[in-house]
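Each remark here refers to the structure printed beneath this line.
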Amino acid sequence: MIVDQNGLNDFLSTVVFKKSSVHFVESENANWSVLLHYEEDDGELQPTNKDSIALQPKEQDLTPLQQEVFGILKQ
């Protein structure tokens, strides 16, 4: 279990953590399930306070696929 936690901590040190959801899964091989919401840390994100991150990408900076997803999300 410590190995799993260390792996998770190592991963979290490379991204910008947003939120998480943790659930205990009861089964023959009971375990913890962790859902993470995060952003890739490109070194340009600067925290505006401890609870939020300022992120204002320009649509023209997105890849074509990202622009398509962005357009769908705006709808």
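The values are calculated or read from the model by the stated rules, or taken from the named source; none is laboratory data. Fair warning: this is a prediction, and the values are worked out from it, not measured in the lab. When we count neighbours, we look across all protein chains shown, and the Cβ atoms used for this are built from the backbone with ideal geometry, even at glycine. Accessible surface is based on the protein model in full, side chains and every heavy atom, while ligands, DNA and RNA are left aside. Shrake-Rupley method; radii C 1.70, N 1.55, O 1.52, S 1.80 Å.
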*asked:* For the stretch 9-42, give me each residue that is of a type outside the set (D, E), over 30 Å from D61 (Cβ atoms) and open to solvent by 90 Å² or more (accessible area, probe 1.4 Å).
replied: H23, F24, N29, W32
*Pick out, from the stretch 1-71, the strands (runs of 3 or more DSSP E) lying fully within it that include 3 or more residues that are at pLDDT below 85.*
47-49
